[in-house]
Amino acid sequence: VFANISQAPEDPILGVTVAYNKDSSPHKLNLGVGAYRTEEGKPLVLDVVRRAEKLLVSDISLKKEYLPITGLADFNKSSAKLILGSDSPAIQENRVATVQCLSGTGSLRVGAEFLKKHYNQHTIYIPSPTWGNHPKIFMMAGLSVKTYRYYDPATRGLDFEGLQQDLSAATSGSIVLLHACAHNPTGVDPTLDQWEHIRKLMRSKGLLPFFDSAYQGFASGSLDADAQSVRMFVADGGECLAAQSYAKNMGLYGERIGALSIVLTSADVARKVESQLKLVIRPMYSSPPIHGASIVATILNDREMYHDWTVELKAMADRIISMRKQLYDAMCAKGTPGDWSHIIKQIGMFTFTGLNPEQVAFMTSEYHVYMTSDGRISMAGLSSSKVTHLSDAMHAAVTR
Ligand code: PMP
């Protein structure tokens with residue numbers, strides 16, 4: 001019955017790794033997927049994660065029973081504190097409904113399904129450009145997806161005017177997806193001042209903020225600084241949603257561990273929302289997996305481990321910042337035409353180079369450098385020994 005099924009295209013981001021794996025060149029470089037690599041180009045399991053796992057393995061009281069539909073309670077509580085701040089009035093007043101979900105993607109999807117079922121507006125505005133999976137997640141949940149201007153190719157910075165115009169023109173009550181920090185793919189974030197303007201504008205129009213926080217701690221190295229945008233919206237007492245991922249900041253990619261928090265106006269509403277989230281989750285996957293949640297809860301609830309985590313996280317963020325500096329210096333030293341200062345101005349895992357699809361294709365075929373066709377490179381995939389190769393490739397692509 002499926003004989004006539006057509007071949008689906010590769011995912012545009014994950015497909016880069018598929019192509020990379022097929023390349024036999026010793027010089028090949030994968031800057032496509034957003035996963036941290038060490039200076040030696042190896043995946044990293046954080047030391048604090050190994051320690052938490054050892055503790056868990058040695059705990060004979062630990063069971064492999066089902067978690068509740070909403071996940072591990074300790075994990076949920078600590079996750080809400082991590083994103084909203086431990087002194088958040090919303091937490092103190094029990095106005096937050098938090099559920100453990102399948103990493104950032106699952107948290108976004110559960111949030112979207114909840115909104116489709118219980119919110120009176122079904123239009124979500126996402127930034128242009130955004131992470132490629134965003135439109136698909138929201139469309140599959142039955143929301144109608146529109147975009148707002150975000151990135152200005154001319155300045156390789158924020159199109160703040162365009163953003164304000166588009167959000168001003170949005171139907172009142174619409175949902176707006178905001179990257180909490182380290183916008184993917186552009187690496188361009190609003191300043192705190194601009195966030196404040198966005199907040200006022202959105203609140204005045206009754207637009208509902210849905211934050212995607214996939215890089216807390218990765219942008220600046222500080223967990224608090226990278227959550228400022230979300231906390232500003234929570235401080236005004238209004239509602240918002242936040243999807244958190246521990247893929248990058250704890251290196252728990254394959255554990256699929258994340259959380260969805262919905263900040264509400266009263267404890268009573270939060271209880272009711274949580275009860276409805278259970279009805280969303282139960283038919284999707286019944287309940288979430290236990291291992292990743294136990295690792296995160298162990299680290300977040302132990303003072304020493306928490307501290308050690310922040311040190312390891314800062315080291316990852318600092319290595320990425322150092323890669324930016326090294327690549328920028330290499331481009332300047334070569335005298336490659338154009339202004340490359342956006343490499344050091346943009347933040348987070350990615351640099352939006354400004355290279356066009358033809359230049360990207362050239363770099364892949366001639367230099368075995370792999371990246372998404374929009375010119376996004378993962379700085380986390382770069383190491384000091386590869387900077388010259390990358391800058392050679394970029395120089396050749398720009399000057400050919
Ligand atoms: N949002 C953004 C902006 C992302 O970049 C990512 C990961 N690439 C995610 C969400 C979700 O990732 P995960 O499901 O692996 O947590």
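A few notes on this one:
- Listed by chain and number, the aspartates and glutamates whose C-alpha is less than 18 Å from the C-alpha of Lys334, apart from same-chain residues fewer than 8 away, are Asp392.
- Taking the C-alpha atoms only, the angle from helix 103-118 to the longest principal axis of the chain is near 50 degrees.
- Segments 152-158, 95-101 sorted - mean Cβ within 10 Å per residue, highest first: 95-101, 152-158
- Lysine pairs in the stretch 1-119 whose alpha-carbon atoms fall under 30 angstrom of each other, counting only those eight or more residues apart or on distinct chains, come to 15.
- Rg(Cα) / (2.2 N^0.38 Å) computed for the stretch 66-301, rounded to two decimals: 0.94
- Stokes-Einstein translational diffusion, the chain - Kirkwood Rh over all Cα pairs, 1.567 mPa s, 4 °C, in µm²/s: 59
- Sum of side-chain charges, Ser341 neighbourhood, beta-carbon under 12 Å (Lys, Arg +1; Asp, Glu -1): +2
- In order along the stretch 152-164, the Karplus-derived 3J(HN,Hα) couplings, from 6.51 cos²θ - 1.76 cosθ + 1.60 at θ = phi - 60°, round to 10, x, 5, 9, 6, x, 6, 8, 5, 4, x, 4, 5 Hz, and Gly and Pro are given as x.
- Mean separation of Cα pairs under 8 Å and 6 or more residues apart, divided by the residue count, gives the chain a relative contact order of 26 percent.
- Extension gain from Leu279 to Ile5, taking 0.36 nm per residue of separation minus the Cα-Cα distance: 95.3 nm
- For Tyr125, the residues 5 or more places off, or on other chains, whose built amide H falls under 5 Å of its own are Lys146, Ile175, Val176, Leu177.
- Using a cutoff of 8 angstrom between alpha carbon atoms and counting only pairs six or more residues apart, the relative contact order for the stretch 196-313 works out to 22 percent.
- The angle between the Cα long axis of helix 267-285 and the main principal axis of the chain comes to about 60°, on a 0 to 90 degree scale.
- Note on the stretch 154-274: along the principal axes its Cα atoms extend 46, 40, 21 Å, ordered by decreasing extent.
- Residues whose placed amide H lies under 5 Å from that of Leu102, excluding near-sequence neighbours: Ser107
No value in this document is a laboratory result; all are computed from the given coordinates. Keep in mind it's a predicted model, so treat the numbers as computed, not measured. Cβ sites come from the backbone with ideal geometry, for glycine too, and all protein chains shown count toward neighbours.
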